[in-house]
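**Student:** Have a look at this one.
The values are calculated or read from the model by the stated rules, or taken from the named source; none is laboratory data. Every value quoted in this text rests on a predicted model; they were computed, and no experiment measured them. In this analysis, Cβ positions are derived from the backbone assuming ideal geometry, glycine residues included, and neighbour counts consider all displayed protein chains.
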Amino acid sequence: MPIVAIDARDAFAGQLRGWGRYTRELLGGLPVRPDLTYRVLARGGPGPELLFEQLGLPIRLQRLRADLVHAPNCFLPLLRGCPGVVTIHDLAFEQFPADFSARTGWKYRTFAPRAARSAQRVICVSGYTATDVVRRYGIDEARVRVIPNAPSLPIGEGPVADCGPYLLAVGDLRPKKNLLRLVQAFALLRAEGLEHRLVLAGVDGGEGARVSAAAGGEPVALTGYLDDARLDALMRGADALVHPSLYEGFGLVLVEAMARGVPVVAARATALPETGGAAAEYFDPLDVSDMAAAIRRVVADRGRRDELVRLGRERAAVLSWEQSGALTAAVYEELL
């Protein structure tokens, strides 16, 4: 029986974000197959991660007699005794190198292109990312498969955040998330009489002080990291989710909000229009006035809000991890 080894270390991290959530949900969505064995690798080895990924993991694969390995986080071992599948979520480390520490950025820019070129199949979470990978790394598009993400944050039934009307943005506070311009747009709206607060939910990635300074005396709250239950409650209580990011490989937060009936206002950039489709109000992320106008349309126009809620629920409903898991298993089958 063929053995598929999955490097699932990120799914067992203490604070799930990004890749970890993707890996956890993918493991749950993979179909049970009587003719296939999945081996979930939950832990690495001693020493640096890079040492495990490029030396320890191939040794473990050999001991498992794996027929295939899937690296869901860019870092596929370059020397291995079996075919490899790598998932590439985005190439933000190429477009926004300042968002990453020198060591982390070096690792991504050194090993991600080599992993993509050596992989028998490359999974991308959007057509935008697939095009980016093919263009930047010269990958044969015949080896690339597009498999979208799906909502993964559990939807609770408890009370929502009770702090008056508010707009919500979710994401680490770093330059590519474009939160400084969002704060500026919010200030314009407040000057016009908007009564809402602005809540920014995410870890400070270096922009926290600048964002706070830009807020001035406006009611802008920075929450830091939130666990699933608190983030869910905060999202369900928002009048709108605003996602001004300059670069996203998918934009999972859009469909999380849509699944909860929260209208979405998003940047007309990278993969976001592909993810949101007709179910979001879009703006130019470099134009503060355009951003403010888009938020104003959603907040002030009840009919538009209701339309976005309906379209958003429909959009989120067509995405599932069962479907993504089945499509991923089909990629495995191609190589087995």
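**Student:** Condition first: assigned to a helix (DSSP H, G or I) and touching a Gly at 6+ places or on another chain (Cβ under 8 Å). Now tell me which residues in the stretch 260-297 satisfy that.
**Tutor:** From the stretch 260-297, those assigned to a helix (DSSP H, G or I) are 272-279, 288-297; that's our starting set.
Selection gives 272, 274, 275, 276, 279.
**Student:** Moving on. Quick one: which of 98, 102 is free of Cβ contacts under 8 Å to residues at least 12 places away in the same chain and small (Gly, Ala, Ser)? Walk me through how you get there before you give the answer.
**Tutor:** Values: 98 fails: free of Cβ contacts under 8 Å to residues at least 12 places away in the same chain.
Just one listed residue meets the conditions, 102.
**Student:** Which count do you get for residues in the stretch 142-154 that are surrounded by fewer than 12 Cβ atoms within 10 Å (Cβ to Cβ) and touching a helix residue (DSSP H, G or I) at 6+ places or on another chain (Cβ under 9 Å)? Reasoning before the result, please.
**Tutor:** Taking the stretch 142-154 and keeping what is surrounded by fewer than 12 Cβ atoms within 10 Å (Cβ to Cβ), we get 142, 154.
Retained after the next criterion (residues that are touching a helix residue (DSSP H, G or I) at 6+ places or on another chain (Cβ under 9 Å)): 154.
Residues in the stretch 142-154 being surrounded by fewer than 12 Cβ atoms within 10 Å (Cβ to Cβ) and touching a helix residue (DSSP H, G or I) at 6+ places or on another chain (Cβ under 9 Å): 1 in total.
**Student:** Hey, another quick one. If residue 247 satisfies every condition in (1) assigned to a helix (DSSP H, G or I); (2) in contact with a Ser or Thr (Cβ under 9 Å, 6 or more places away or on another chain) but one, which is the exception?
**Tutor:** (1)
**Student:** With among the aromatic types (Phe, Trp, Tyr), over 25 Å from residue 251 (Cα atoms) and surrounded by 14 or more Cβ atoms within 10 Å (Cβ to Cβ) as the only criterion, which of 128, 38 stands out? Let's see the steps before the verdict.
**Tutor:** Working: 128 fails: over 25 Å from residue 251 (Cα atoms).
Unique residue meeting the criteria: 38.
**Student:** Additional query: What pairs can you find where one residue is in the stretch 227-253 and in contact (Cβ under 8 Å) with a residue 12 or more places away in the chain, the other is buried (at least 24 other Cβ atoms within 10 Å of the Cβ) and among the basic types (Lys, Arg), and their Cβ atoms are less than 6 Å apart, with a gap of 6+ or different chains?
**Tutor:** Matching pairs, first to second residue: 245/177.
**Student:** Going by the structure shown, is residue 199 under 22 Å from residue 310 (Cβ atoms), hydrophobic (A, V, I, L, M, F, W, C) and either modelled with pLDDT under 95 or in contact with a helix residue (DSSP H, G or I) (Cβ under 7 Å, 6 or more places away or on another chain) (or both)? Spell out how you get there, then give the answer.
**Tutor:** On the way: under 22 Å from residue 310 (Cβ atoms): no; hydrophobic (A, V, I, L, M, F, W, C): yes; either modelled with pLDDT under 95 or in contact with a helix residue (DSSP H, G or I) (Cβ under 7 Å, 6 or more places away or on another chain) (or both): yes.
So residue 199 fails the test.
**Student:** Which of (1) closer than 17 Å to residue 151 by Cα; (2) small (Gly, Ala, Ser); (3) surrounded by fewer than 24 Cβ atoms within 10 Å (Cβ to Cβ) does residue 251 not meet, given it meets every other one?
**Tutor:** For residue 251, the failing item is (3).
**Student:** Give 296, 310, 315, 302 a once-over and let me know the one that is surrounded by fewer than 15 Cβ atoms within 10 Å (Cβ to Cβ) and at pLDDT 95 or above.
**Tutor:** Details: 296 fails: surrounded by fewer than 15 Cβ atoms within 10 Å (Cβ to Cβ); 315 fails: surrounded by fewer than 15 Cβ atoms within 10 Å (Cβ to Cβ); 302 fails: at pLDDT 95 or above.
Sole residue among the options that is surrounded by fewer than 15 Cβ atoms within 10 Å (Cβ to Cβ) and at pLDDT 95 or above: 310.
**Student:** Going by what's in this entry, would residue 105 be described as surrounded by fewer than 20 Cβ atoms within 10 Å (Cβ to Cβ) and at positive phi?
**Tutor:** On the way: surrounded by fewer than 20 Cβ atoms within 10 Å (Cβ to Cβ): yes; at positive phi: no.
Answer is no for this residue.
**Student:** What is the residue count in the stretch 49-95 for residues that are surrounded by fewer than 17 Cβ atoms within 10 Å (Cβ to Cβ) and among the hydrophobic types (A, V, I, L, M, F, W, C)?
**Tutor:** So the count comes out to 7.
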